[in-house]
Amino acid sequence: MTISDSPARVLRLARRRGSVTRREVSDAGIHTFTLSRLVRAGALERVARGRYRLPDAPITEHHGLALVAAAVPKAVICLVSALSFHQIGTQLPHEVWIALDRRARRPVLPYPPLRVLRFSGEALTAGIETHRIEGETVRAYGVAKTIADIFKYRNKVGLDVALEALREGWRDRRFTMEEINRYARVCRVERVMRPYLEALVA
């Protein structure tokens with residue numbers, strides 16, 4: 001390999017994977033200064049610390065989630081942002097809501113704005129799905145876990161949002177009663193949710 005073919009190899013990596021990191025470039029045996037040269041030339045753009053993508057890479061409606069996943073890989077998309085991702089309800093959050101371990105450092109991003117919640121134990125780890133968005137692996141809670149979380153944080157998001165999500169999710173068969181009961185137990189909102197769940201199946 002010669003230095004002259006390094007930019008082309010980096011661009012091929014970025015095109016194949018959707019984005020490329022400094023580590024991936026280094027692991028491929030390419031000096032990381034090639035990334036800086038490509039950014040200066042406008043052939044790559046920096047989307048997060050240590051992560052780059054092609055300027056003409058397609059941008060989806062979930063672009064903000066991809067940016068957060070690139071910058072904060074351990075974050076889990078939760079609550080209102082997860083509802084929006086799953087296309088449940090009418091909420092259009094202007095922040096990306098993420099769950100992080102209580103001990104994790106609070107991320108600082110210029111964009112998009114974040115709403116950070118601290119989860120722990122099974123409430124943090126249960127119900128996580130992975131999705132590919134713009135080449136990034138995005139972690140988000142599934143529908144049933146998200147609805148249970150919404151009930152747990154109903155004072156932050158509103159009981160009306162929780163009820164709308166519950167009714168719509170059930171109507172569209174996005175979860176089973178077994179799933180919603182499981183996550184209600186995980187989130188410790190069984191008693192809160194019970195009358196609403198009974199009304200669903202009455």
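Which residue, TYR141, TYR52, TYR153, has the most motion in a Gaussian network model of the chain that connects Cα atoms within less than 10 Å? Answer for the Gaussian network model of the chain: TYR153.
Need one word for the stretch 74-155: rounded, prolate or oblate. Basis is the Cα gyration tensor (sqrt eigenvalues a ≥ b ≥ c); a/c below 1.5 gives rounded, then a/b vs b/c decides. It comes out rounded by the Cα gyration axes.
Restricting to the chain, compute how many DSSP beta bridges are antiparallel as a %, nearest 5.
On the way: 13 of 20 bridges.
Here the antiparallel bridges make up roughly 65 percent for the chain.
Only one residue of ILE133, GLY169, LEU67 has its Cα farthest out toward the positive end of the dipole of the chain, where Lys and Arg carry +1 and Asp and Glu -1 on Cβ, and that residue is LEU67. Of all the options GLY135, GLY50, GLY42, the one that moves most in a Gaussian network model of the chain with Cα springs shorter than 10 angstrom is GLY42.
Using the crude model of +1 on Lys and Arg Cβ and -1 on Asp and Glu Cβ, and no other charge, please compute the dipole size for the stretch 1-157 relative to its Cα centre, in debye to 20.
In total the dipole reaches around 500 debye.
Across the stretch 173-189, coupling constants 3J(HN,Hα) worked out from phi with the 6.51/-1.76/1.60 Karplus curve, θ = phi - 60°, read 6, 8, 7, 9, 5, 4, 5, 5, 5, 4, 6, 4, 5, 4, 8, 6, 10 Hz, and Gly and Pro carry x. Taking a point 7 Å from the Cα of THR137 along the Cα-to-Cβ direction, the residues of the stretch 36-55 with backbone N closer than 17 Å to it are 51-52. Nearest 0.05, what FRET efficiency do ALA202 and ALA8 give at R0 = 45 Å with Cβ-Cβ as r? Efficiency, from the Cβ-Cβ distance: 0.10.
Here ARG194 and ALA104 are evaluated by their C-beta separation; at R0 = 25 Å the FRET efficiency comes out at 0.15.
For the stretch 1-146, the relative contact order works out to 21 percent when only alpha carbon pairs closer than 8 Å and six or more residues apart are counted.
Ordered by 1.4 Å accessible area with all protein chains kept, GLU95, GLU190, GLU178 run largest first as GLU178, GLU190, GLU95. In the chain, helices alone account for a calculated mean residue ellipticity at 222 nm of -13000 deg cm²/dmol, with every DSSP H run of four or more residues adding -39,500 (n - 2.57).
For the stretch 33-95, run through the trypsin sites (Lys or Arg not before Pro) and keep only the ones in DSSP coil with at most 15 other Cβ atoms within 10 Å of their Cβ.
Values: sites: ARG37, ARG40, ARG46, ARG49, ARG51, ARG53, LYS74; in loops: ARG49, LYS74.
In loop regions of the stretch 33-95 (DSSP not H, G, I, E or B), the sparsely surrounded trypsin sites (Lys or Arg not before Pro) are ARG49, LYS74.
Of all beta bridges DSSP finds with both residues in the stretch 87-202, what is the antiparallel percent, to the nearest 5? Display every interim value, and only then the final one.
Details: 6 of 12 bridges.
Given both bridge residues lie in the stretch 87-202, the antiparallel proportion sits at roughly 50 percent.
Of all the options VAL108, VAL189, VAL116, the one that moves most in a Gaussian network model of the chain with Cα springs shorter than 10 angstrom is VAL108.
The values are calculated or read from the model by the stated rules, or taken from the named source; none is laboratory data. From a predicted model like this one, the values you see are computed outputs, not experimental measurements. Because the Cβ atoms are built from the backbone with ideal geometry, glycine has one as well, and the counts that use them run over all protein chains shown. Heads up: the accessible areas ignore ligands, DNA and RNA and are worked out on the full protein's heavy atoms, side chains in. Shrake-Rupley method; radii C 1.70, N 1.55, O 1.52, S 1.80 Å.
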